[in-house]
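The values are calculated or read from the model by the stated rules, or taken from the named source; none is laboratory data. Note that the structure is a prediction, hence the values are computed from the model and not measured. Because the Cβ atoms are built from the backbone with ideal geometry, glycine has one as well, and the counts that use them run over all protein chains shown. The area values use the complete protein model at the heavy-atom level, side chains included, leaving out ligands, DNA and RNA. Shrake-Rupley method; radii C 1.70, N 1.55, O 1.52, S 1.80 Å.
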Amino acid sequence: MAGKAVKKATLKLEGMSCASCAQSIEKALKRARGVEQAQVNFAAEKAYVEYNPAEIDEEKLAEVVRSTGYDVRDEREKITLKIGGMTCASCAATVEKALNKAEGVYSASVNIASEKATVEYDPAVLNKSDFEKIVADTGYEVVGVEGDETIQAEEDDDLRKVREAKRRMWGAWAFTIPIIVWMIPEMVFSIVWPNHVIYNLGMILLAIPPLFIFGRKTFITAYKAVSHGSANMDVLIAMGTGAAFITGPAVFFTPVANYAGVAAMIMAFHLTGRYIEETAKGRASQAIKKLLELGAKTATIIVDGEEKEIPIEEVKPGDIMLVRPGEKIPTDGEIVEGKTTVDESMATGESMPVERSVGDELIGATVNQNGLIKVKATKVGKDTFLSQVIKMVEEAQGTKVPIQEFADRITGIFVPTVLVIAALTFILWLVFPDALRSIGIWARDFLPWVNPTLGTVTLAIFATIAVLVIACPCALGLATPTALMVGSGLGAENGVLIRNGEAIQTMKDVHTIVFDKTGTITKGQPEVTDIIPTNDYSKEELLQLAASVESGSEHPLGAAIVDGAKARDIKVKEIEDFGAITGKGVKAKVEGKEVLVGSRRLMEEAGIKTAGLEDEMRRLEEEAKTAMLVATKGKLVGIVAVADALKEDSVEAIKELRELGLETAMITGDNERTARAIAREVGIDHVVAGVLPDGKVEEVMKLQDRFGTIAMVGDGINDAPALTQANVGIAIGTGTDIAIESSDITLVRGDLSAVVTAVKLSRATFRKIKQNLFWAFIYNTVAIPVAIVGLLHPVIAEIAMATSSITVVSNANTLRRVNIKSRYARK
């Protein structure tokens, strides 16, 4: 509905053990009143929620999650602000209301007596400088900040999970290894040592710690899931190990085999799989952690001529920062003094340093290499380039690839279906024991664990336990999110920011990539391309004459000639009697001699013949260059050509895109002749010329009708509507000024090799997603029937189940070894 306020929240979840858990939470959130959209990423262990704050808040969202049997990790911080300028309770109420309305604030109370505001907030959304702005917007000011207190311990959560998983794993194996050693004589030589009673009691006692101490969490999570009307993988493991353990005591009263030791082995392998999975998931989620670590922790600012080191959170826009060689640039800013080279590889993925001088923008967290510079802070906190990148990576990880929807539907019914299959397996073995036993007789020669001579009930339990522990919703649930996490993080490291997962899948179907010409294929600013003198003048003399006259002009082409002279260290001479002839050119006196610079028409009106350079003029015009004739003393002395030059890598990047099987098109406002000249030079397949800015959307629609799925590459600001219309919008920007709202993919670098990187990254990521889903489907399709007919030992089934999840996560991590860079990218 129009005008409805929508806020976004990211909830960090605890207690999930498989993709079915994520499905349960997602369904509950989507059912909650006031929730517009909800997506749960099992791999990232986060819920991304869009909600109406008038109907629900973050506290209630957390309650919804807890009602499903899971938990939300509370990572809020508390800060006490000293407020200046308040004079009455009404002032305090104004400030309190503004703070409570801010996104990321859980609660805020302002005490007029102490003139302090106590705020509980989400540090991922807000920082100290944001509070200063919120308070300043109400007409008051923050005059100080008391020591902030972290409500949640700052221990690295991924490391904590890995440590806990490792402790549980080794604890379980400490008791399981003696079980295995004790079982070997019985399994290999049929020797029960020292006798049946002690052996069976020993198996039961040794199985208790792995199951009910180190594996306790599995049973607790299973109980919570069942008590809240859902089922997850822990339910399967708990039922499988529980059923196996019960056969231990039952062996004293019924004719069944003792599988208590097997239950401990299943749990030990399950906990081993969890440990390896946590380690691999930790690697997959390193992207944001790496980005967070890039930021500077402190800044040196100049206050009243003195240097002062302050925490980065206290830097405000307008502060002058002193940055020495080798130091990180604390926050986004503009150089006001000095000149240096900067390593911007963390933002662009390029290792080649770039030169920066007064007036140039700098990206926070990049490294100043060799010059002492003063930088005016322009963006701080969540407005910085690095914060925007982190936000985009998190948002991308919170989206879903369309292919995942089918997997999600299967995951939603997976565990209940497996429970039904397990029950049917048990019944089938009791009803048709001879038919199923015959399969075991056939397989026992090559599968040593198959023993068809056991009793029917024992074989039924054996097969049922195998079905319960072999089935794996985790592989399906992890297939897409882990690849998306690694892919989005890898993109951020290489200057490719993916806004949503859908773009990755759509990119594989793109037939044509459409480029806006100005600022995308070309540099977007004219420069001197050709200097053609007659025999009487050198190139330097000709350019000096033209630049001297054009120094009096305000026309962009004139400025390009002046810049061209300066770049070649050619001194511009003083001029007199400057005059501009509208639509034709300019004239002035240089050292007392009249010089004309302009078109054929200007020369013809001055009686100057141009025939001698007509062939050169035509050639330059066919190359889409603006050729300006230069004359002095009534005689033509040469041509200076100006054009919006191609970016250095445009030709190579377009060539590489064609090698990747893509066609290319260009949209431009230039006339047909000029447009085709540029297209020929670059290697563009299709040209759409003479397009006005407001006609780009219509042209994109025509190209979609003609070619199908297209991607549009533009500057992200002027081309916003066309980028939105395209199936995939790719915004190409430079420095801190990147537009993200209208695009699906944003390129930090301004060159076209980044487009090649985006295509390769999207294809590689989607390939990993398909491989993962294929493996998960094949695994479950093959494994469950084999378990039903009793050919899988429950322990081997558990090993296979754990391996399937680990395989999916590990395969996603191999994305980091894929070469996604353009071979023409600057090294």
Item to check | Filter result (touching a Lys or Arg at 6+ places or on another chain (Cβ under 7 Å), of a type outside the set (Phe, Trp, Tyr) and either under 29 Å from Leu13 (Cβ atoms) or modelled with pLDDT of 75 or more (or both)) within region 80-115 | outcome: Thr80, Leu81, Lys82, Ile83, Glu103
Next on the checklist: The conditions are (1) in contact with a Ser or Thr (Cβ under 7 Å, 6 or more places away or on another chain); (2) surrounded by fewer than 18 Cβ atoms within 10 Å (Cβ to Cβ), and Gly501 fails exactly one of them. Which is it?
Outcome noted: (2)
Checklist entry - Is it fair to say Ala222 is in contact (Cβ under 8 Å) with a residue 12 or more places away in the chain and of a type in the set (A, V, I, L, M)? => result yes
Item to check | Residues being open to solvent by less than 30 Å² (accessible area, probe 1.4 Å) and either assigned to a helix (DSSP H, G or I) or free of Cβ contacts under 8 Å to residues at least 24 places away in the same chain (or both) - total across region 246-271 | outcome: 14
Item to check | Given (1) farther than 23 Å from Ser753 by Cα; (2) open to solvent by 20 Å² or more (accessible area, probe 1.4 Å); (3) of a type in the set (S, T, N, Q); (4) touching a strand residue (DSSP E or B) at 6+ places or on another chain (Cβ under 7 Å), index of the condition Thr341 fails | outcome: (1)
Checklist outcome for this item: Of the residues in region 504-527, those that are of a type in the set (Lys, Arg) and open to solvent by 20 Å² or more (accessible area, probe 1.4 Å) number 2
Checklist entry - Which one of these does Ala463 not meet: (1) farther than 30 Å from Ala263 by Cα; (2) more than 28 Å from the chain's Cα centre (by Cα); (3) among the small types (Gly, Ala, Ser); (4) open to solvent by less than 10 Å² (accessible area, probe 1.4 Å)? => result (1)
Checklist entry - Within the bounds of region 179-193, is there any residue that is part of a loop (DSSP other than H, G, I, E, B), under 20 Å from Ile246 (Cα atoms) and at pLDDT 90 or above? => result no
Checklist entry - Do we find that Pro473 is over 20 Å from Val251 (Cα atoms), at pLDDT below 90 and touching a helix residue (DSSP H, G or I) at 6+ places or on another chain (Cβ under 6 Å) in this structure? => result yes
Next on the checklist: I'd like to know if region 389-405 contains one or more residues that are hydroxyl-bearing (Ser, Thr, Tyr) and either open to solvent by 10 Å² or more (accessible area, probe 1.4 Å) or in a helix (DSSP H, G or I) (or both).
Outcome noted: yes
Checklist outcome for this item: When region 167-224 is checked residue by residue, the ones that are open to solvent by less than 70 Å² (accessible area, probe 1.4 Å), closer than 30 Å to Leu13 by Cα and among the aromatic types (Phe, Trp, Tyr) are Trp173, Phe214, Phe219
Next on the checklist: Looking at region 43-70 only, could you name the residues that are among the basic types (Lys, Arg) and over 30 Å from Ile769 (Cβ atoms)?
Outcome noted: Lys60, Arg66
Item to check | Flag for Ala812 being modelled with pLDDT under 85 and not hydroxyl-bearing (Ser, Thr, Tyr) | outcome: yes
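Matching residues to (1) at pLDDT 90 or above; (2) open to solvent by 20 Å² or more (accessible area, probe 1.4 Å); (3) in a loop (DSSP other than H, G, I, E, B):
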site: Leu545; (1), (2), (3): yes, yes, no
site: Ser553; (1), (2), (3): no, yes, yes
site: Ala565; (1), (2), (3): yes, no, no
site: Lys573; (1), (2), (3): yes, yes, yes
Next on the checklist: Trp442 - would you say it is assigned to a helix (DSSP H, G or I) and open to solvent by 10 Å² or more (accessible area, probe 1.4 Å)?
Outcome noted: yes
Checklist entry - So Gly634 fits all but one of (1) surrounded by fewer than 17 Cβ atoms within 10 Å (Cβ to Cβ); (2) within 37 Å of the chain's Cα centre (by Cα); (3) among the small types (Gly, Ala, Ser); (4) modelled with pLDDT under 90; what number is the exception? => result (2)
Next on the checklist: Could you tell me how many of the residues in region 767-785 are touching a residue at least 60 places away in the same chain (Cβ under 8 Å) and either open to solvent by less than 10 Å² (accessible area, probe 1.4 Å) or more than 11 Å from Leu484 (Cβ to Cβ) (or both)?
Outcome noted: 11
Checklist entry - Residues Ile335, Ile363, Ile373, Ile329: which one is within 21 Å of the chain's Cα centre (by Cα) and either open to solvent by 40 Å² or more (accessible area, probe 1.4 Å) or among the aliphatic types (A, V, I, L, M) (or both)? => result Ile363
Checklist outcome for this item: Over region 331-348, the set of residues within 21 Å of Ser129 (Cβ to Cβ) and part of a strand (DSSP E or B) is Gly333, Glu334, Val336
Item to check | Matching residues in region 10-26 - criterion: being among the small types (Gly, Ala, Ser), open to solvent by less than 20 Å² (accessible area, probe 1.4 Å) and not in a helix (DSSP H, G or I) | outcome: Ser17
Item to check | Flag for Lys161 being charged (D, E, K, R), modelled with pLDDT of 75 or more, at negative phi and surrounded by 13 or more Cβ atoms within 10 Å (Cβ to Cβ) | outcome: yes
Checklist entry - Do you know which of the residues in region 638-682 that are charged (D, E, K, R) and open to solvent by less than 60 Å² (accessible area, probe 1.4 Å) is modelled with the highest pLDDT? => result Glu656
Checklist outcome for this item: Looking across region 116-135 at residues that are modelled with pLDDT of 80 or more and among the hydrophobic types (A, V, I, L, M, F, W, C), the single one that is most open to solvent (accessible area, probe 1.4 Å) is Ile134
Checklist entry - Which one of Glu594, Glu614, Glu621 is among the charged types (D, E, K, R), part of a strand (DSSP E or B) and without any contact (Cβ under 8 Å) to a residue 60 or more places away in the chain? => result Glu594
